[in-house]
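The values are calculated or read from the model by the stated rules, or taken from the named source; none is laboratory data. Just so we're clear, the structure is a prediction, and the values are computed from it rather than from any experiment. So basically every Cβ, Gly included, is an ideal-geometry build from the backbone, and we count neighbours across all protein chains shown.
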Amino acid sequence: MITRRSTIVGAALSAAFIARPCLAQVPDLPRKKVDLVAPPLVHPHEQATSNGPMILEFRLLVEEKERVIDEIGTRLQAMTFNGSIPGPMMVVHQGDFVEVTLASAATNTMPHNIDFHAATGASGGGDLTLIEPGEEAVIRWKATRTGVFVYHCIPGGSMIPWHIASGMAGAVMVLPRDGLKDGAGKPLHYDRVYYLGENDFYVPRDANGKFKTYASPGEAFSDTIELMHKLVPTHVVFNGRVGALTGRNAMPAKVGETVLIVHSQPDRDSRPHLIGGHGDYVWETGKFSNPPETGLETWLIRGGSAGAALYTFLEPGIYAYVNHNMIEAVELGATAHFKVEGAWNDDLMTQVMAPGPVNAAAH
């Protein structure tokens, strides 16, 4: 168990900050309360806005809860924001203020906090939000940089990698006020947006090779940390479990629609690839102040970051979206599906001859 004083660096806050009043002056701006939704969905938002900056209010509830993470019933003592893995994505515009109430369920067993990679100062907010079970804290920060950014728990010491590897990460998207643009400054628009959070899980096995179960996160700690030190995950998944976004859970789209795919990975590098499609416009580093790359087959999401890709679907069918470390995609779970409806275009692809016996005479 760590104490409230245990920040990531174990240092006290500066005397200058401690001398400030606990309640900061509220900017004289309009406010909007945003109801978050579970990934891969994203709450309604404007892609471009003519309105001035405002204060967007969000609420995140930390919950420690057991979750099944694969088809054989493997159980993870998970830690979550709003009960989902990843935590919900928050969308704002550059210049807005992000006001987040972080609350910890009374049934939790340990301290938690939140570090926003999009924010500036105080360990991304981690120093200001360390709360015990049954407590809440409110932080407000200004969205000064555009792009997609990771947020995660950062309570201190070994708790940092353990909490992140147990599911405590999400993303923030800060849009330019005039919307997304291509490299020439031409506006870009998306018809749908999906958020995929990739996680690596480490579930210990018993002497017979079966995954172990635990009564609480604390009981799982020692075995889990020992396994994490080997840097070999037992599961690499999108949105909290194997199959979370495949089959009946596939993400829908239609031929002709442009889809924005936001992909985060708080720990390890990933190599997204859309089988049968491409990245028409890709912000590989996730920052919209940089021009997007175009026409990519596979791109890189660096550990501890998020990226974004736009693709307009041109053919119907099931598109597998994978981590193109295919071992992790096929064997460990890092596969998602898009189910695209519409008319087939023979000009883009057609079957010239169906599979059949080799015609020896022709060869």
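For G209, are the conditions met, namely being free of Cβ contacts under 8 Å to residues at least 40 places away in the same chain, assigned to a loop (DSSP other than H, G, I, E, B) and not basic (K, R)?
When the stated conditions are applied, G209 passes them.
So the check is Cβ under 8 Å with 6+ separation or different chains; which pairs have a first residue in region 115-128 that's over 16 Å from F81 (Cβ atoms) and a second one that's at pLDDT below 95?
Short answer, once both residue conditions are applied: A122/L13; A122/F17; S123/T7; S123/I8; S123/V9; D127/T7; D127/L13; L128/A122.
Looking at L260, L245, L231 in this structure, which one is assigned to a loop (DSSP other than H, G, I, E, B), in the same structural domain as H337 (by TED's automatic domain parsing) and either crowded, with 21+ Cβ neighbours inside 10 Å or of a type in the set (G, A, S) (or both)?
L245
Restricting attention to region 303-335, which residues are more than 29 Å from P291 (Cβ to Cβ) and assigned to a strand (DSSP E or B)?
Of everything in region 303-335, those that are more than 29 Å from P291 (Cβ to Cβ) and assigned to a strand (DSSP E or B) turn out to be G317, I318, T335.
Test A78 against the criterion of being in contact (Cβ under 8 Å) with a residue 40 or more places away in the chain, of a type in the set (G, A, S) and either part of a strand (DSSP E or B) or more than 25 Å from R31 (Cβ to Cβ) (or both), and give yes or no.
Taking the combined requirement at face value, the residue satisfies it.
Which residues, taken from region 85-105, are among the hydroxyl-bearing types (S, T, Y) and surrounded by fewer than 21 Cβ atoms within 10 Å (Cβ to Cβ)?
Scanning region 85-105 gives a single hit, T101.
Under the condition of being of a type in the set (A, V, I, L, M) and in contact (Cβ under 8 Å) with a residue 24 or more places away in the chain, which residue from region 338-363 is nearest to L260 (Cα to Cα)?
Taking the candidates together, the pick is V340.
Could you run through region 81-110 and say how many residues are of a type outside the set (D, E), under 20 Å from V148 (Cα atoms) and in a loop (DSSP other than H, G, I, E, B)?
8
For the condition farther than 29 Å from H43 by Cβ, crowded, with 19+ Cβ neighbours inside 10 Å and of a type in the set (A, V, I, L, M), what is the one hit in A220, A215?
It is A220.
Can you find a residue in region 169-186 that is hydrophobic (A, V, I, L, M, F, W, C), within 24 Å of I85 (Cα to Cα) and outside any strand (DSSP E or B)?
No.
Among what's in region 111-125 and is among the aliphatic types (A, V, I, L, M) and in a loop (DSSP other than H, G, I, E, B), pick the residue that is farthest from the chain's Cα centre (by Cα).
A119
Which condition breaks for G240 when tested against (1) in a strand (DSSP E or B); (2) within 30 Å of G73 (Cβ to Cβ); (3) of a type in the set (G, A, S)?
(1)
Condition test on I2, is it closer than 22 Å to S222 by Cβ and either among the aliphatic types (A, V, I, L, M) or modelled with pLDDT under 95 (or both)?
The answer is yes for I2.
Just the residues that are surrounded by 15 or more Cβ atoms within 10 Å (Cβ to Cβ) and either among the acidic types (D, E) or assigned to a strand (DSSP E or B) (or both), please, taken from region 336-351.
The answer is A336, H337, F338, K339, V340.
Hey, can you tell me all the residues within region 228-253 that are of a type in the set (A, V, I, L, M, F, W, C) and under 16 Å from the mean Cα position of the chain (by Cα)?
Answer for region 228-253, where residues must be of a type in the set (A, V, I, L, M, F, W, C) and under 16 Å from the mean Cα position of the chain (by Cα): V236, V237, F238, V242, A244, L245, M251.
Looking for something within 30 Å of A329 (Cβ to Cβ) and either modelled with pLDDT under 95 or in contact with a helix residue (DSSP H, G or I) (Cβ under 7 Å, 6 or more places away or on another chain) (or both) - is there at least one such residue anywhere in region 90-109?
No - not one qualifying residue is present in region 90-109.
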